[in-house]
């Protein structure tokens, strides 16, 4: 048994190790395929695990910090995965997340292998200057061991890190390469726009969650057995975690889909209103007070973990892994669970939920929006041009002439707002959103094809693993063994 952290910040000791849970889910997929055992074992294991310790001077004293970088699969390069800053991070967690990244990239046709990094600290305990020293020293260790470069391994933000840390890493990598790598900014994604980031990256995982759930609730083959009407409009939704992913998922579900956000849980408490919570108002309240609790538009729930068991149509765990386990799984009342976090349901709990008839949209598909848009950022960096720069004005000119022709032939005059909407060409954010939407739609249909094409597959997670396994296995077989 391992120890993890619940949404309330309390230690939990009734969950199985994260990597074991991922491996058990992988083995379910292997059982319904006919690939050679040696090949599937190669795909399952982590190829490279780099554990190291490094000293940093903190408040005049030397502190030794533990860190990891794991490359799960090099069937495609570079490998890709975030860097997590947490005092709970360990090798098991980093290996599990790296494995999920391999499968996630394969599912959404992003040509990367999976990787992940971890630094065992609580960022809240350090000043900005101290965090910069820690981040740069971590990056320097990766450079020295060839665990970072635009063509080898490309990190990204994760829990406890953001665009600030990614900018520090990019600058550190650039200092080590002495201007010899023209693609140096592509060594990491999730950067600020001014440092080569891409518009739409911040909200990408939450937006991808919305697109994935939209596909699910518009699928008659999913909704009819659940006894639910098609579409997101009016569906009640509870979100666990109001960080970057949870906030944006809730925002897009409410604003674009018409879903009713009835509950939101955070580590220090939750809020609940069966008639709905204004997500933007709650976000503003948290910015002003430092917490979502005591929000005037909802009831404060002290035990935020209890919100997981409230009635709702859709439950979205968007916090840490292992949040739904064998103890609370029997009490879950949602009809659909959308895994916006990595590994929020243990393999033990999953069977309980499936037996209850709950439909699970798996993490390796649903939260793939982040790595998809990270791929777009990487492409932007190695092409050295902003998306839309070459074509936006040309498209607007074509649209303008088309509108003028329609007005001349019909005698109808478009209003100023209508004209502007029809003429405006696609900018970078528009193209990123469009690319992400298409990716999530295509991946859903592909997973569904594996699911309905194999009578042995009983759930969407196994179908997603089979989809990933098929792509990775094909790559290995085509590459062959050397020597």
note = Assertion target for 235, 251, 412, ordered by fewest C-beta neighbours within 10 angstrom first, is 412, 251, 235
note = Mean separation of Cα contacts under 8 Å (at least 6 apart) over the residue count of segment 153-228, i.e. the relative contact order in percent, is 25 percent
inquiry  = What distance in nm lies between label points placed 7 Å from Cα along the C-beta direction at residue 145 and residue 421?
reply    = 5.4 nm
request  = Please work out the Kirkwood hydrodynamic radius for segment 161-318, using every pair of different C-alpha atoms, and report it in angstroms with one decimal place.
outcome  = 17.4 Å
remark   = Distance in Å, no decimals, from the C-alpha centre of segment 124-166 to the one of segment 41-91 is 10 Å
ask   = With the Cα gyration tensor of the chain giving a ≥ b ≥ c as the square roots of its eigenvalues, does the rule (a/c under 1.5 for rounded; else a/b larger than b/c for prolate; else oblate) give rounded, prolate or oblate?
value = rounded
note = antiparallel share of DSSP beta bridges within the chain, to nearest 5, in %, is 50 percent
ask   = Which percent, to the nearest 5, of DSSP beta bridges fully inside segment 49-195 are antiparallel?
value = 60 percent
message = Once R0 is set to 45 Å, what does the formula 1/(1 + (r/R0)^6) return for the Cβ-Cβ distance between residue 389 and residue 478, expressed as a FRET efficiency to the nearest 0.05?
response = 0.80
query = Relative contact order of segment 204-366: what whole-number percent is it, with Cα pairs under 8 angstrom and at least 6 residues apart?
reply = 21 percent
note = Percent relative contact order for the chain, counting Cα pairs under 8 Å at least six residues apart, stands at 16 percent
query = Among 90, 363, 355, what is the fewest-to-most ranking by other Cβ atoms within 10 Å?
reply = 355, 90, 363
inquiry  = Only counting other Cβ atoms within 10 Å, I'd like 383, 374, 21 sorted with the fewest neighbours first.
reply    = 383, 21, 374
query = Is the shape of segment 49-195 best called rounded, prolate or oblate, per the rule: a/c under 1.5 gives rounded, else a/b larger than b/c gives prolate, else oblate, with a ≥ b ≥ c the square roots of the Cα gyration tensor eigenvalues?
reply = oblate
task = Would you kindly state how much longer the chain becomes between residue 178 and residue 34 on full extension, computed as 0.36 nm times their sequence separation minus their alpha carbon distance, in nm to one decimal?
result = 47.0 nm
ask   = What is the extension gain from residue 109 to residue 403, computed as 0.36 nm multiplied by their sequence separation minus the C-alpha to C-alpha distance, in nm to one decimal?
value = 102.1 nm
task = Once you have the Cα-Cα distance between residue 65 and residue 396, take 0.36 nm times their residue separation minus that, and quote the gain in nm to one decimal.
result = 113.8 nm
task = Please report, to two decimal places, log10 I(q)/I(0) for segment 52-103 at q = 0.13, 0.19, 0.25, 0.26 Å⁻¹ as given by the Debye formula with identical point scatterers on the Cα atoms and no solvent.
result = -0.41, -0.70, -0.97, -1.01
query = In deg cm²/dmol and to the nearest 500, what is the mean residue ellipticity at 222 nm of the chain if only DSSP H runs of at least 4 residues count, each as -39500 (n - 2.57), divided by the residue total?
reply = -14000 deg cm²/dmol
query = What spacing in nm lies between the two simple spin-label points modelled at residue 194 and residue 412, each 7 Å away from Cα in the Cβ direction?
reply = 4.6 nm
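The numbers here are math on the coordinates, done by the rules we state, and not lab data. Predicted, not measured: the structure shown is a model, and the values here were computed from it. Methodologically, a virtual Cβ is constructed for each residue, glycine included, from the backbone with ideal geometry; neighbour enumeration extends over all protein chains shown.
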